[in-house]
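K.L.:
I am attaching a structure below and will ask some questions about it afterwards.
The values are calculated or read from the model by the stated rules, or taken from the named source; none is laboratory data. Owing to the predicted nature of the structure, the values given are computational and were not obtained by experimental measurement. Note: ideal-geometry Cβ built from the backbone for every residue, glycine included; neighbour counts use all protein chains shown. Surface areas here come from the heavy atoms of the whole protein model, side chains and all, with no ligands, DNA or RNA. Shrake-Rupley method; radii C 1.70, N 1.55, O 1.52, S 1.80 Å.
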Amino acid sequence: MENDIKYYPLTHPQKAVWFNEKLHPDTSISNIAATLKINSSVDFMLLEKAINIIIEKNDALRLRFVEQDGVPKQYISEYTYKKIYFFDFSDKGIESLYEWDFQKTNIPFQLIDSDLYYFAL
């Protein structure tokens, strides 16, 4: 299957992020995070399915990076269903959510051959 993978060069903006990550390894320097508060009833199973449809239909979310002979390249990984984990902060207060959010945002992504996103409910 690996022989079927088509690799592409990084764009100039991707190269900038790549080299920034190389200069600052094991940091969250390139992480972009967002938290969304929904003030109504939510069907979390349906929301998980919707997030998976977005992952499946958007190649950009399935980009993976490799390094071949010192040259960074990218490919589009096959879609696989992702379990989206649920965390309930309703009885812990908003500050607990902010602390959890801060901690998650500061976890560096593994740049090589890994998902470059994280969703949680």
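K.L.:
When the accessible area of the range 1-114 is split by element with a 1.4 Å probe, what percent falls to carbon and sulfur?
P.N.:
Result for the range 1-114: 57 percent of the exposed heavy-atom area is carbon or sulfur.
K.L.:
Before anything else, pin down the relative contact order of the chain: Cα pairs under 8 Å, at least 6 apart, normalised by residue count, whole percent.
P.N.:
Worked out over the chain, it gives 34 percent.
K.L.:
Can you give me the distance in nm between label points at S77 and Y98, each placed 7 Å from the Cα along the Cα-to-Cβ direction?
P.N.:
About 3.3 nm separates the two model spin labels.
K.L.:
Here is a follow-up. How large is the translational diffusion coefficient of the chain in µm² per second when you combine the Kirkwood radius over alpha carbon pairs with Stokes-Einstein at 10 °C and 1.306 mPa s?
P.N.:
96 µm²/s
K.L.:
Please state the charge dipole magnitude for the range 54-120, taken about the Cα centre, from unit charges on C-beta atoms (+1 on K and R, -1 on D and E), reported in debye and rounded to the nearest 20.
P.N.:
So the dipole magnitude of the range 54-120 works out to roughly 180 debye.
K.L.:
Here is a follow-up. Is the range 28-79 rounded, prolate or oblate when judged by the Cα gyration tensor, a ≥ b ≥ c being the square roots of its eigenvalues, rounded requiring a/c under 1.5 and prolate requiring a/b larger than b/c?
P.N.:
Oblate.
K.L.:
How are the alpha carbon pair distances in the range 66-119 distributed across 10 Å bins from zero to the largest one, expressed in percent?
P.N.:
Once binned at 10 Å, the Cα pair distances of the range 66-119 give 17, 37, 26, 15, 5, 0.
K.L.:
Please state the charge dipole magnitude for the chain, taken about the Cα centre, from unit charges on C-beta atoms (+1 on K and R, -1 on D and E), reported in debye and rounded to the nearest 20.
P.N.:
Around 280 debye, computed over the chain.
K.L.:
Find, among the trypsin sites (Lys or Arg not before Pro) in the range 1-87, those assigned to loop by DSSP (not H, G, I, E, B) with at most 12 other beta-carbon atoms within 10 angstrom.
P.N.:
Here the trypsin sites (Lys or Arg not before Pro) that fit, given the DSSP loop and packing criteria, are K6, K37, K83.
K.L.:
Filter the chymotrypsin sites (Phe, Trp or Tyr not before Pro) in the range 4-72 down to the DSSP loop ones having no more than 16 other Cβ atoms within 10 Å, then list what survives.
P.N.:
Y7
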